[in-house]
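Here's the structure we're looking at; comments come further down.
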Amino acid sequence: MTFLNFLISGISLGSIYAIIALGYTMVYGIAKMLNFAHGDVIMVGAYICFYAVSRFSLPPLAGVVLAMLVCTVLGMLVERLAYKPLRAAPSLAVLITAIGVSYFLQNTALLLWSSNPKVFPSVVGNGKIEMFGGQLTISHVTIVTIAACVIIMLALTWFTGNTRMGKAMRACSEDKGAAQLMGINVNATISMTFAIGSGLAAIAGVLLCSAYPTLVPTTGSMPGIKAFTAAVFGGIGSIPGALLGGLLLGVIEIFAKAYISTQLSDAVVFAVLIVVLLVKPAGLLGKQIHEKV
Amino acid sequence: MAPILKVEDINVYYGSIHAVKGVSFEVNEGEIVTLIGANGAGKSTTLNTISGLLHSKTGSITFMDEHLSRFPCHKIVSKGLAMVPEGRRIFLQMTVQENLEMGAFTQGKAGIDADLDHVFSLFPRLEERRRQVAGTLSGGEQQMLAMGRALMSHPKLLMLDEPSMGLAPILVEQIFEIIQELHKAGTTILLVEQNAQAALSVADRGYVLETGRIVTSGTGHELLESPAIKKAYLGG
Ligand SMILES: Nc1ncnc2c1ncn2[C@@H]1O[C@H](COP(=O)(O)OP(=O)(O)O)[C@@H](O)[C@H]1O
Ligand SMILES: [Mg+2]
C-alpha cells in the first residue's frame, strides 16, 4: 500500500513536470530555442495567484485565471523584447539571453516580493480521500493536478490537430520557410506558442505551490530544470513526449526518494536520463527524420 | 501580353557573398519562362527573393502591378504567387491531405474539397495516399505533393525550383507533362531547372544565369539551337 501511495505522489509530481515540460517542448519545437526563463514564469504565476487570493481575497479560481493572464502577457512580452530581435542570431546567443531573462525575472521578484518565503494557500483546500482504512490517502490537490494534466494534454492534442493555429504551429515546427510560403505568419505563431506555454506555466505554478507550499523567488528554477529534463527525456518537440517524460521523471524521483535516498534522488533521475539518451538520443518519443530522394 | 512579373535590377547577398548581381527579367501572362544555369548560378536565390524569403538590396519586383517588397513573405501567396521550393520542403510529419490543406491556408474553407479533387485528378497517386504521412512517400510522390500543395492556393504564377531533381527519367517526363497541362489551363509558370534540355523544350522563353548574372536570353527554341548553350548546358 505504501508503494501505491508513492506511485500516486509520483504521478502527481510528474503531472506538474509534464505541464511545465509542455512549455519547453512547444517553444523548442517551434522557435528551436531553449527558453530557460520558462521555470521563472511558473514562479511569477504562483506569486500572482498568492497575492490575488491571500491579499485581495479573490476566489481561488479567479486567482488562477489572473495568474494565467499575467503569465501569458509576460511570455509574449519576453519573446517580443528578448528573443525576437535574436531570430537570426546564433543559438548560443539566444541561450545566454534566456539565462539572462531567467535571472532578470528572479531578481525582479526578489525586489517586488522579497526573499521571505510565502506560505501558499492550496487553491483546492487541504482535503483528502482515505481508502482501505486510511492506508491509502489521496489529497484533493493530487486529484486536481492529475486531472488538470490530462485535460491540458487532451486539449492541446486536439488544438494542434484540428485548429488553424494549431496546424500553423506544426508547419512552423517543421519548416518555417515553407510555412511562410503557405501564407503562415511565423512571428505571430511563435508569439502564440509563448502565450500558450506561459499560460500553462501559471497553472503549473499554482499546482506546484498547492502541493509544496513554500513560495520564494527561486521556486521555479529547480522544477524548471527537472521539466526541461523531462522534455528531453520524452523527446523534445513532442507533446506526448512531454507527458511521458514528465510522468516518468516524477515517478522515478519519488521512488528514488522513498527507496534509495532523499539526497541522491536527483542524481538517480539524471542518471536515468543519461542512460535513456545513450540508447535513444532523440528521447523516448523523439523522431529522427531522414530525407528522401 | 502584359508582364505579370517584372524583376528589375535585384542584388541579393548572403552576408558578404554576392549571389545575384543586377538580375532583371520579366514573365508575361500565360507564358512558361525558364531560368537555367549551372549549380550555384543563383537560380534558387532569385526565386526565393521573388517569394519574399530573401530580400534584394536594390531594384524592385512587381507582380500584377504591385511592389512585392512592401509585403512580408507570408502575404505573398495570397497575391496569387506560389512557389514549389527546391528540395520540395513538404511537411514530412503531416499527412498528404494535411499538406494540401496547408497549401490552402490563405483560402476560405468553402472551396477546399473542390480544390483537393482538382489536385487528385492531376495526381491520382496522391489520392490513394491521402491519409499517409508525407515522410513515407517516395521522392516522386513528394514532388507531386509539393506541386499539389502550391496549386491549392490558386496561383496565377507558379514558380517551380528544380522539380525534376533526383527523379527517374519516367517521373521527370510525367512532371513536365503536368507542367504543360497546368500551362494549358491558364497558369503562368516560372521554371528553374538544371535539366536545360527538358526546360527549354517546354518554355516560351528562357534566361541563362551564370554566377549571378543573366548572360543570354531568348525563346526556348532559340536557346535550344544556340551553339554556346548547346556546348555549356546540353552536353554538346
Ligand atoms: N544559405 C546560403 N548561405 C551562403 N551562401 C549561399 C546560401 N545559399 C546559396 N548560397 C550561394 O549563393 C550562390 C547561388 O546559390 P543558389 O541560388 O542556390 O544557386 P542555384 O539555385 O542556381 O544552384 C552560390 O554561390 C551558393 O553557394
Ligand atoms: Mg538551386
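When the Gaussian network model of chain B links Cα atoms closer than 10 Å, the mean-square fluctuations of B:MET147, B:MET102, B:MET159 top out at B:MET102. For B:THR95, the amide hydrogen comes within under 5 Å of the amide hydrogens of B:ALA134, counting only partners 5 or more places away or on other chains and with H modelled in the peptide plane. Between A:PHE6 and A:ALA62, the FRET efficiency estimated from the beta carbon spacing at R0 = 35 angstrom works out to 0.55. For A:LYS280, the lysines whose Cα falls under 29 Å of its own Cα, not counting residues fewer than eight places away in the same chain, are A:LYS32, A:LYS167, A:LYS176, A:LYS226, A:LYS257, A:LYS292. Each residue of region A:260-265 is assigned a 3J(HN,Hα), and the resulting list reads 10, 6, 4, 5, 8, 4 Hz, derived from the Karplus form 6.51 cos²θ - 1.76 cosθ + 1.60 (θ = phi - 60°), x at Gly and Pro.
Centre-to-centre, using Cα atoms only, region A:247-267 and region B:38-105 are separated by 51 Å.
Shape analysis of region A:188-293 places it in the oblate category; the axes a ≥ b ≥ c from the Cα gyration tensor give an a/c of at least 1.5, with a/b not above b/c. What nm value, rounded to one decimal, do you get for the distance between A:ILE129 and B:ALA2 when each label is placed 7 Å out toward the C-beta? Between A:ILE129 and B:ALA2, the simple spin-label model gives 7.1 nm. Counting Lys and Arg as +1 and Asp and Glu as -1 over every other residue whose Cβ lies under 10 Å from the Cβ of B:LEU160, the net charge comes to -4. Considering only the protein assembly as shown, what is the antiparallel percent among its DSSP beta bridges, to the nearest 5? Taking every DSSP beta bridge with both residues in the protein assembly as shown, the antiparallel ones total about 60 percent. Which one of A:LEU154, A:SER173, A:LEU208 is farthest out on the positive end of the charge dipole of region A:13-220, using unit charges on Cβ (Lys, Arg +1; Asp, Glu -1) and the Cα centre as origin? Checked the options; the winner is A:SER173. Helix-only arithmetic for chain A: the sum of -39500 (n - 2.57) across DSSP H runs with n ≥ 4, divided by the residue total, places the mean residue ellipticity at 222 nm at -22500 deg cm²/dmol. In the protein assembly as shown, a dipole from Cβ-located charges (positive for Lys and Arg, negative for Asp and Glu) runs towards its positive end, and of A:THR108, A:ALA89, B:LEU209 it is A:THR108 whose Cα lies farthest in that direction.
Phi-derived couplings, Karplus 6.51 cos²θ - 1.76 cosθ + 1.60 at θ = phi - 60°, listed residue by residue for region A:24-40: 4, 6, 5, 5, 5, x, 9, 8, 6, 9, 9, 8, 5, 7, 4, x, 7 Hz, with x used for Gly and Pro. Label positions at A:LYS84 and B:ALA228, each projected 7 Å from the Cα along the C-beta direction, are separated by 4.9 nm.
Quick one: among A:LEU278, A:LEU156, A:LEU249, which has the greatest mean-square fluctuation in a GNM of chain A with alpha-carbon springs under 10 angstrom? The residue with the greatest mean-square fluctuation here is A:LEU278. Distances longer than 26 Å among the Cα atoms of chain A: what percent of all pairs is that? Percentage above 26 Å: 44.
Taking other C-beta atoms within 10 angstrom as a stand-in for reagent exposure, B:ASP204, B:ASP117, B:ASP161 fall in the order B:ASP117, B:ASP204, B:ASP161, fewest first.
Tell me, what is the percent relative contact order of chain B, built from C-alpha pairs under 8 Å that lie six or more residues apart? With pairs under 8 Å counted, the relative contact order is 27 percent.
Rounded to the nearest 0.05, the FRET efficiency derived from the C-beta distance between B:LYS57 and B:GLU181 at R0 = 51 Å is 0.85. What does the C-alpha gyration tensor say about the overall shape of region A:67-190? Classify as rounded when a/c is under 1.5, otherwise prolate if a/b is larger than b/c, or oblate. Taking the square roots of the gyration eigenvalues as a ≥ b ≥ c, region A:67-190 is oblate. Phi angles across region A:87-94 convert, under the Karplus curve 6.51 cos²θ - 1.76 cosθ + 1.60 with θ = phi - 60°, into 3J(HN,Hα) values of 3, 9, 7, x, 5, 5, 4, 5 Hz, Gly and Pro given as x.
Taken over the alpha carbons of the protein assembly as shown as equal point scatterers, the Debye sum produces base-10 log I(q)/I(0) values at 0.06, 0.08, 0.09, 0.12 Å⁻¹ of -0.38, -0.62, -0.74, -1.06. In nm, to one decimal, how far is the B:ARG125 label point from the A:MET165 one, both placed 7 Å along Cα→Cβ? A separation of 3.8 nm, rounded to one decimal place. From most to least packed by mean Cβ count within 10 Å, the peptides A:32-41, A:221-230 give A:32-41, A:221-230. Here, chain B yields an orientationally averaged convex hull projection of 12.6 nm² when only Cα atoms define the hull. Taking B:GLY140, B:GLY218, B:GLY148 as the candidate residues, the one with maximal mean-square fluctuation in a Gaussian network model of chain B, Cα springs under 10 Å, is B:GLY218. Quick check: Cα centre of region A:184-242 to Cα centre of region B:154-169, how many Å? A separation of 42 Å, based on Cα centres.
Computed from the coordinates by the stated procedures, all read-outs in this text should not be read as laboratory data. Remember, predicted model here, so these are calculated numbers, not experimental data. Neighbour counts are summed over all protein chains in view; Cβ atoms, including those assigned to glycine, are modelled from backbone coordinates with ideal geometry.
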